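Reading through the structure tokens given below for one structure.
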Amino acid sequence: MIEELRALYDAVSLQFSNLLLPSRLVQFAILLACVLVALILRRAAGSRTRDWMHSLEGRPKWQLRLLLILERRLGLIFFVILSWLAVVVMAEVSPFTSRRFILELVATIATAWLAISFAARFIRNVVLRKAVTWGVSVYAMLYFLGLIEPVSTALESVALELGDFRLSLLTLIKALIVTALLLAAARLISHTTASRVRANRDISPSMQVLVVKFLQVILYGAAFFIGLKAVGFDLTGLAVLSGAIGVGLGFGLQKVVSNLVSGIIILLDKSIKPGDVISLGDTFGWINSLGARYVSVVTRDGKEYLIPNEDLITGQVVNWSHSNEFVRLDIYFGTSYGDDPHLVRRIAIEAAKSVDRVLSQRPPVCHIVGFGDSSVDYILRFWISDPTGGLTNIRGNVFLALWDAFKRSGVSIPFPQREVRLLDQPVSAAIEAGPKAPD
């Protein structure tokens with residue numbers, strides 16, 4: 001290990017041994033001037049560029065994002081342009097390569113950094129983007145400095161050895177890089193495939209979720225194990241260890257495993273799918289999404305309930321749109337005994353038909369259900385096809401339509417009436433006294 005580190009030190013010393021020569025100092029001075037001029041140009045052009053970007057209207061989002069990326073990197077862009085101009089000028093002034101070696105090296109590294117920063121924008125994850133940017137930038141700098149081989153040798157010498165097992169720092173870095181690239185590729189493939197699966201109308205929503213989840217598990221699992229295998233890890237011990245850990249976790253995470261299995265059952269039997277309107281206890285809403293552990297249910301008041309999958313399997317769930325979206329609603333009302341029941345039924349049916357959400361292809365019906373103490377009792381049944389629009393509001397609209405129709409037709413809605421008399425003396429005393437003689 002000490003010999004490898006000494007070799008790395010000698011390689012670095014060799015690269016930077018001639019930096020203090022007069023020709024190299026002139027190149028450093030030129031680079032410093034390029035940095036200062038780039039900063040001045042960045043300050044002068046930055047405000048104008050931002051004002052011009054704010055004036056743009058109706059442009060596609062990708063154009064605005066590209067302009068924003070360019071605006072944030074104006075300083076580096078100006079430095080790259082100025083450094084390469086300095087290289088061209090030095091090549092015209094002196095034919096010796098040594099008089100522009102530092103300029104070409106720094107200009108090349110700066111150009112590589114600029115290209116890496118643009119290419120990294122395709123990675124959406126912020127943490128992964130920064131890791132890739134810094135990792136590739138460091139690799140590019142070491143490559144152009146000619147330090148790849150001595151640095152690799154030094155990293156390989158730093159290792160953890162346990163019997164036949166040897167894990168070097170270089171192997172660990174390679175494993176992280178390969179696994180990260182495979183995971184990024186798996187993420188890209190899963191997102192692309194998921195968008196195509198969701199766009200296919202021939203696949204049911206529950207089956208779409210199942211296909212996407214299964215594909216993600218396969219891709220991410222394959223990326224992880226292939227990444228480990230690609231750098232020489234022995235997966236036999238890992239398999240034994242994972243089996244032992246799995247047995248221990250099985251006892252401690254029974255509820256989690258139960259919810260996972262219940263989620264798979266829900267996706268397979270298609271009993272609940274995104275968009276369905278369900279009632280579970282006091283919760284009434286529509287399915288927003290199906291997760292591995294829970295189902296997201298959004299109610300009419302904007303609350304989002306995360307219901308465990310196990311509750312949907314073991315409990316009683318009312319799915320208002322399981323086989324179809326048609327929902328029948330019943331409302332009860334009563335009218336006076338003096339009103340013609342045949343007329344009342346016709347008026348009630350026409351009133352229900354006048355409400356927007358009531359279906360005409362499944363016309364409302366009205367029946368007498370009993371003779372009450374003070375009214376003839378009726379039931380009005382009607383159908384809707386959009387339970388996500390709410391049930392209470394459609395019932396209220398039908399009641400209002402009934403009220404207006406009864407007012408126009410003179411149909412009365414009776415209500416209990418009671419008469420209360422307050423007496424100053426007991427009834428027996430008033431009877432004995434009899435009527436009072438007139439004065």
Worksheet item: Any residue at all in segment 310-326 that is loosely packed, with under 15 Cβ neighbours inside 10 Å and under 17 Å from G370 (Cα atoms)?
Response: no
Practice prompt. Quickly run through segment 282-307 and pick out the residues that are under 13 Å from I272 (Cα atoms) and part of a strand (DSSP E or B).
Written response: G285, W286, I287, N288, S289, L290, Y294, V295, S296, V297, I307
Worksheet item: Does L64 fit the bill of being at negative phi, assigned by TED's automatic domain parsing to the domain that holds W113 and modelled with pLDDT of 70 or more?
Response: no
Worksheet item: Could you say whether any residue in segment 404-422 is in contact (Cβ under 8 Å) with a residue 60 or more places away in the chain and closer than 30 Å to S258 by Cβ?
Response: no
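The values are calculated or read from the model by the stated rules, or taken from the named source; none is laboratory data. Predicted model only: the values in this text are computed from it and were never measured. Backbone-built Cβ (ideal geometry, glycine too); neighbour counts: all protein chains shown.
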